[in-house]
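Visitor: Handing you this structure, nothing more for now.
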Amino acid sequence: MTAELIKGSEIRNVILEELKADVQKLKAKHGIVPGLVTILVGENPASISYVTLKIKTAHELGFHEIQDSQPVDISESALLALIDKYNKDPKIHGILVQLPLPKHIGEKKVITAIDPDKDVDGFHPVNVGRLMIGGDEVLYPPCTPAGIQELLIRSGTATSGAEVVVVGRSNIVGKPIAVMMAQKAKGADSTVTIVHTRTKNLEFHCKRADILIVAAGVPNLVKPEWIKPGATVIDVGVNRVGVHPETKKPILKGDVDFDRAKEIAGKITPVPGGVGPMTIAMLMKNTVKSAWLHAEGK
Ligand code: NAD
């Protein structure tokens, strides 16, 4: 059997088209466009490429978009003042500070300085709390987990009552996706297990999964024999395993042994082209939502 591919790149394009129409509606009704600022500190090449892609997508959707690049030695207080400026700017509905930050800047201080109503990354403790409560309380779900859930919904994967196993317990992927899948909601209602580096028998848990979500950052961690035949496998991992000799571009692999796993799984996401493209689409979705909420005084 060869698994059905869940193509994040194609699903992303559909979502961006829907958002374009929503942006037009917002403009017609309230005369405003969503505003997104990305703050980049320093010149980390990976961060530059992420921010560039985010701004390019925002531009294509007709947002008011600002890329605010700051030198690597900007002081913490200057960065906090900058965030405060955007918190007060009515044209800005989403503020994103690209992580990681240089060592002299406290990440926690920066995240909590962002107005939770403009925290389109969903990392502010207030938004983490809202996610935990669930339902209408959720304002901005974190982008990668939201993208995973959207892939499950749009690929027609049954989640209600499904055994979901999440490999990884980070604050940006593992923990939030586990919470989201357990909520009483569309694309959720699952029975969730989280496994991590201290789990005694990873294989045992993975084998039970109807939906296996892997976010460990370890290439080929999940072996094909760990996959229940017909299961849906969402591979979040992005691992640089080498450099292409001709293009000099990095060779990327997920956390799952894709070539062999696709012969056992029912559905599977490729790396690249699976979860990755969804993250930016969800960032845009959160920004459009924020613009509507601000426009309608909610
Ligand atoms: P992280 O390093 O913060 O967390 C990894 C988690 O995996 C940890 O909780 C750890 O306990 C667990 N883990 C690691 N090795 C393990 C092992 N051998 N057995 C069991 N558990 C293990 O990473 P993260 O930020 O959650 O990211 C995970 C992966 O997802 C990375 O490859 C990252 O690049 C990728 N990622 C992709 C996107 C995207 O948009 N596609 C977004 C975020 C992260």
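The values are calculated or read from the model by the stated rules, or taken from the named source; none is laboratory data. Being a predicted model, the structure only gives us computed values, none of them experimental. Glycine also receives a Cβ, built like all others from the backbone with ideal geometry; neighbour counts cover every protein chain displayed. In case anyone asks, the SASA skips ligands and DNA or RNA and just uses the protein heavy atoms, side chains included. Shrake-Rupley method; radii C 1.70, N 1.55, O 1.52, S 1.80 Å.
Visitor: How big is D for the chain, in µm² s⁻¹ as a whole number, if Stokes-Einstein is applied with the Kirkwood radius of its Cα pairs at 25 °C and 0.890 mPa s?
Guide: Diffusion coefficient, whole number: 123 µm²/s.
Visitor: Right, next: How would 160, 47 rank on accessible area, largest to smallest, probe 1.4 Å?
Guide: Listed by decreasing accessible area, they come as 160, 47.
Visitor: Rounded to the nearest 0.05, what FRET efficiency do residue 225 and residue 249 have when you use their Cβ-Cβ distance and R0 = 30 Å?
Guide: Once the sixth-power term is evaluated, E becomes 0.45.
Visitor: Hey, another quick one. With 27 Å as the limit, write out which pairs from 186/298; 56/175; 109/285 have Cα-Cα distances beyond it, or answer none.
Guide: 56/175
Visitor: Which angle from 0 to 90°, rounded to the nearest 10, does the C-alpha axis of helix 76-88 make with the longest principal axis of the chain?
Guide: Roughly 80 degrees between the two axes.
Visitor: What is the helix-to-structure angle for 143-154, meaning the angle in degrees between its Cα long axis and the longest Cα principal axis of the chain, kept from 0 to 90 and rounded to the nearest 10?
Guide: Compared with the principal axis, the helix lies near 50 degrees.
Visitor: Relative to a virtual label point 7 Å from the Cα of residue 85 in the Cα→beta-carbon direction, which members of the range 25-54 show backbone nitrogen distances below 17 Å?
Guide: Hits in the range 25-54 for residue 85 at 17 Å: 36-42.
Visitor: Quickly work out the residue 5-to-residue 208 label distance, labels modelled 7 Å from Cα along the C-beta direction, and quote it in nm with one decimal.
Guide: Once both label points are built, they end up 3.3 nm from each other.
Visitor: Further question: Among the trypsin sites (Lys or Arg not before Pro) within the range 199-234, which fall in a DSSP loop and have no more than 14 other Cβ atoms within 10 Å of their own Cβ?
Guide: 200
Visitor: Give the carbon-plus-sulfur fraction of the accessible surface of the chain in %, rounded to a whole number; probe 1.4 Å, heavy atoms of protein chains only. Present the calculation step by step, with values, prior to reporting the outcome.
Guide: On the way: 8060 of 14300 Å².
So the carbon and sulfur contribution to the accessible surface is 56 percent.
Visitor: Now for a separate question. Compute the whole-percent fraction of alpha carbon pairs in the range 90-195 spaced more than 21 Å apart.
Guide: Looking at the range 90-195, the distances longer than 21 Å represent 38 percent of pairs.
Visitor: On average, how much accessible surface per residue is there in the chain, in Å², for a 1.4 Å probe, leaving out ligands, DNA and RNA?
Guide: With all protein chains present, the chain gives 48 Å² per residue.
Visitor: For the range 31-115, what value does the Rg/Rh ratio take when both radii are computed over Cα atoms and Rh is the Kirkwood radius, given to two decimals?
Guide: Ratio of gyration radius to Kirkwood radius for the range 31-115: 0.96.
Visitor: What do the square roots of 5 times the Cα gyration tensor eigenvalues come to for the range 142-277, in whole Å, largest first, as semi-axes of the equivalent ellipsoid?
Guide: For the range 142-277, the semi-axes come out at 23, 16, 14 Å.
Visitor: Here's a follow-up. Using the scaling law 2.2 N^0.38 Å as the reference, what is the normalised Cα Rg of the range 140-212?
Guide: Values: Rg = 11.6 Å, N = 73, 2.2 N^0.38 = 11.2 Å.
Output field value: 1.04.
Visitor: Between the DSSP loop rule and a limit of at most 15 other Cβ atoms within 10 Å, which GluC sites (Glu not before Pro) in the range 225-271 are left?
Guide: Here the sparse-neighbourhood loop sites are 246, 263.
Visitor: Would you tally the net charge around residue 188, using a Cβ to Cβ cut-off of less than 14 Å, leaving residue 188 out, and scoring K and R as +1, D and E as -1?
Guide: -2
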